[in-house]
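The values are calculated or read from the model by the stated rules, or taken from the named source; none is laboratory data. For clarity, every value in this text was computed on a predicted model and none was experimentally measured. FYI the Cβ positions are ideal-geometry reconstructions off the backbone, even for glycines, and counts take in every protein chain you see. Ligands, DNA and RNA are excluded from the accessible area calculation, which covers all protein heavy atoms including side chains. Shrake-Rupley method; radii C 1.70, N 1.55, O 1.52, S 1.80 Å.
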Amino acid sequence: MEKLVITGGTPLKGEVTISGAKNAAVAILPATLLINGICRIENLPNISDVKLYCEILEKIGAKITWITKNEITIDTRDICCTKAPLDITRKFRASYYLIGSMLGRCKNVQVGLPGGCNLGARPIDQHIKGFEALGANVEVTQGNITASAKKLVGTSIYMDIVSVGATINVMLASVLAEGTTIIDNAAKEPHIVDVANFLNTMGADIRGAGTDVIKINGVKELKGGSTYSIVPDQIEAGTFMFAAMATKGDITIKNCITKHLESITAKVIEMGGTVEESGDTLRIKCTKRPNKANIKTLPYPGFPTDLQPQAGVVLSIADGTSTINESIWESRFQYTQELCKMGAKITAQGKSAFFEGVKSLSGAPVCSTDLRAGAALIIAGIAANGKTEVYNLEHIDRGYENIEEKFRSLGAKIERVSE
Ligand code: EPZ
């Protein structure tokens, strides 16, 4: 078993470069199944979710060549199987994108019901509603989902809930459908635009991604032959922004899209930080104890749920009492119990948590309960006095590339140790 051992108390200073977006990568990889050809993907984050996805794609007939650790070519001409490996697909949430892409390509698919971070109930009714509206028959039995169709025909689909996964999945299923599909009340996250841009580069006709109405004109074939570079990770950039705030640091974040970070920049300023923007670079500086602030998580362009725990660390040491309302997931405050082991005073009740800011945190052994909770605990460990040990690193490795090296390059005293 591995753990991170952190000796806290160092303000983070220096430059860090953001990797490609995890949540775009785990949608673009299955999207390659819609292509009858070879494509090249650059700026692919080197994380365990990506490696797992590549393993699944290889098992169903894709040929993947790693050019560098962040660049692959993928040949999807000989997809030979409609049954995705059930044991692996159960391991992570984003395997649900295989339903949309394989339904689109082969009109028939079976995957294991998706697992992933434990954030409370994670229904996929809106995905299923979309597939059925396009003409598929969908069955959920014994932990598996089977979907099949004689043909898929475009139609109008109104999403009852703004869902990232359902928006992308319906987009994947409709790219090769007959006629036009309209997704109304679509999610607008940067990775939705990125998946649409990828598919359009390969020959799809998708308009309106990034707004709440997406129109997909079905095409006969996606040919590939092109190169696509994945968008920088909005959540990784935000993680370093809150790390600067929690450690009274001065961090220059390179390779980010500052427009994607507006809701986060606004909170950083409210917390008393300064933000300097220049092209694709942001410099975050914090010279005093952070101010209290209230946060409500919302779909993009609102404050992202995936940065709620990292922001929570800053509020745990802020001057005054703050509230976070989590409106996306029903169980995303598990990290607060770990922060309390480090001296934080937080009361979580249902979808709200109240942070009575303490002057400082003290190091303690803590467990990462999910991906973003893990990132938050690393930030807490760097900000705290004394030694922190972070366990359950498999959650963190799913979504952050070289996280301890990146923090070390900013001056953090952090080591990965095998027990
Ligand atoms: C994506 O999950 C991300 N995962 C999550 O990232 C992120 O927290 C979430 O979007 C919200 O931004 C990936 O992209 C792989 P949703 P997803 O469908 O698509 C409800 C991370 O740390 N809902 O937008 O599964 C659902 O219960 C993570 O990187 C339905 O009711 O989220 C939730 O309350 C974890 N029915 C809300 O909608 C459905 O059919 C939003 O979920 C679908 C969703």
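Among residues of region 40-65 that are in the same structural domain as Leu371 (by TED's automatic domain parsing), none has a Cβ under 6 angstrom from a residue that is surrounded by fewer than 19 Cβ atoms within 10 Å (Cβ to Cβ) at a sequence gap of 6+ or on a separate chain.
Whenever a residue of region 394-412 is outside the structural domain of Lys51 (by TED's automatic domain parsing), its partners that are among the charged types (D, E, K, R), lying with C-beta atoms within less than 7 angstrom and at least six residues away or across chains, give the pairs His395/Asp370; Arg398/Asp49; Gly399/Lys22; Gly399/Asp49; Tyr400/Glu236; Glu404/Arg416; Leu410/Lys13; Gly411/Lys13.
Return a yes/no flag: does region 89-103 have any residue that is open to solvent by 30 Å² or more (accessible area, probe 1.4 Å), more than 30 Å from Thr336 (Cβ to Cβ) and away from the ligand (no atom under 16 Å from the Cβ). Looking through region 89-103, none of the residues is open to solvent by 30 Å² or more (accessible area, probe 1.4 Å), more than 30 Å from Thr336 (Cβ to Cβ) and away from the ligand (no atom under 16 Å from the Cβ). So for region 350-366 (the condition being of a type in the set (Phe, Trp, Tyr) and modelled with pLDDT of 95 or more), does at least one residue qualify? Within region 350-366, one or more residues are of a type in the set (Phe, Trp, Tyr) and modelled with pLDDT of 95 or more.
The residues of region 104-117 that are within 16 Å of the ligand (Cβ to nearest atom) and in a strand (DSSP E or B), listed by number, are Val111, Gly112. For region 238-286, the set of residues classified as open to solvent by 40 Å² or more (accessible area, probe 1.4 Å) and part of a loop (DSSP other than H, G, I, E, B) consists of Lys248, Asn255, Ile257, Gly279, Asp280, listed by residue number. Among residues of region 22-49 being open to solvent by 10 Å² or more (accessible area, probe 1.4 Å) and either in contact with a Ser or Thr (Cβ under 8 Å, 6 or more places away or on another chain) or not in a helix (DSSP H, G or I) (or both), the one that is modelled with the lowest pLDDT is Asn36.
Conditions (1) touching a helix residue (DSSP H, G or I) at 6+ places or on another chain (Cβ under 7 Å); (2) within 14 Å of the ligand (Cβ to nearest atom), marked per residue:
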residue: Ser360; (1), (2): no, no
residue: Gly363; (1), (2): yes, no
residue: Val366; (1), (2): yes, no
residue: Thr369; (1), (2): yes, yes
residue: Arg372; (1), (2): yes, yes
residue: Ile378; (1), (2): yes, no
residue: Gly386; (1), (2): no, no
residue: Val390; (1), (2): yes, no
residue: Asp397; (1), (2): yes, yes
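In this structure, Ile79 does satisfy being surrounded by fewer than 23 Cβ atoms within 10 Å (Cβ to Cβ), assigned to a loop (DSSP other than H, G, I, E, B) and among the β-branched types (Val, Ile, Thr).
Taking the conditions exactly as written (buried (at least 24 other Cβ atoms within 10 Å of the Cβ) and either within 25 Å of Pro123 (Cα to Cα) or not assigned by TED's automatic domain parsing to the domain that holds His260 (or both)), does Ile317 satisfy them or not? No; evaluated as a whole, the condition is false for this residue. Of all residues in region 385-412, those satisfying the criterion of being open to solvent by 40 Å² or more (accessible area, probe 1.4 Å) and in a helix (DSSP H, G or I) are Glu394, His395, Asp397, Glu405, Arg408, Ser409.
Listed by position, the strands (runs of 3 or more DSSP E) contained in region 309-382 that have at least 2 residues being within 16 Å of His395 (Cβ to Cβ) are 365-367. Tell me, yes or no, whether region 372-382 has at least one residue that is in contact with a Pro (Cβ under 8 Å, 6 or more places away or on another chain), surrounded by fewer than 24 Cβ atoms within 10 Å (Cβ to Cβ) and small (Gly, Ala, Ser). No; the residues of region 372-382 include none that is in contact with a Pro (Cβ under 8 Å, 6 or more places away or on another chain), surrounded by fewer than 24 Cβ atoms within 10 Å (Cβ to Cβ) and small (Gly, Ala, Ser). Take the conditions (1) within 16 Å of the ligand (Cβ to nearest atom); (2) out of contact with any helix residue (DSSP H, G or I) (no Cβ under 7 Å at 6 or more places or on another chain); Pro11 misses just one of them, which is (1). The set of residues from region 337-364 being without any contact (Cβ under 8 Å) to a residue 40 or more places away in the chain and more than 23 Å from Gly320 (Cβ to Cβ) comprises just one member, Ala364.
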